[in-house]
1. Quick check: residue separation of residue 40 and residue 103 times 0.36 nm, minus the Cα distance between them. What number comes out in nm?
2. Quote to one decimal, in nm, the extra length available between residue 122 and residue 78 on full extension: 0.36 nm per residue of separation minus the C-alpha distance between them.
3. Using alpha carbons only, how many degrees (0 to 90, rounded to 10) separate the axis of helix 140-153 from the longest principal axis of the chain?
4. Which whole number of Å³ per residue matches the convex hull of the alpha-carbon atoms in segment 22-124?
5. State, to one decimal in nm, how far the label point of residue 134 lies from the label point of residue 221, with both points 7 Å from Cα in the Cβ direction.
6. Would you mind pulling out the separation of the Cα centroids of segment 172-224 and segment 39-104, in Å?
7. Enter the angle in degrees (range 0 to 90, nearest 10) between the Cα long axis of helix 181-193 and the first principal axis of the Cα atoms of the chain, meaning the one along which they spread out most.
8. Based on the alpha-carbon set only, what is the convex hull volume of segment 59-199 divided per residue, in Å³?
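No value in this document is a laboratory result; all are computed from the given coordinates. Just so it is clear, the structure is predicted and the values come from calculations on it, not from any experiment. Heads up, the Cβs are rebuilt from the backbone with ideal geometry, glycines too, and the neighbour counts pull from every protein chain shown.
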């Protein structure tokens, strides 16, 4: 009973707050939270729809718009659907134009770059990701995306691939935690492209040791097997 009474009071307070909160704020936060749940359950399509509703309720909120655009880019990368990239680009570009002075606008330049890359506009993607890093040079996500673009825009150019290595290393340095598996994995790819098998394997071991999400772990283990089976590795 002692536990039940405070719980009932909390429920009443939440109901009162909800009743007196403007509908746009209520919808924005509710559908954003709902989208996060759907994302966690692996239903990215429904999550994108929820994020869209939250963004439409509060179009000036960068967290809501980025979640929507990021979900579109994620779906586009997974399904190779250009239409998702086109929508992501349109939303990101318009938001940047409308909120040019926003102190977190660099986040949208990241998603704009991803959308441009997905559409095949690789030169434009490089400009957008450079803008994002220029605005926020210590952002881990922006740096990893920049490294990927620099590495893959000219995959046969050793200088371009070498430049990506320093970017990935910078991303690892700025992240004040051990969860840098994504940067280590992408760095391993760069070393493999340069035929530096030993360093590639070392970076893959670093990535796998940090217990990455299943998708990255599977890709890292596949690449590790490919390198070890190439006949060039001493391992």
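1. Using 0.36 nm per residue and subtracting the Cα-Cα distance, I get 19.8 nm.
2. 14.0 nm
3. Once rounded, the angle reads 40 degrees.
4. On the way: hull volume 8.8 nm³, N = 103.
Dividing the Cα hull volume of segment 22-124 by its residue count gives 86 Å³.
5. Here the answer is 4.3 nm between the modelled labels.
6. Centre-to-centre distance over Cα atoms comes out at 27 Å.
7. Helix 181-193 sits roughly 30 degrees off the main axis of the chain.
8. 110 Å³
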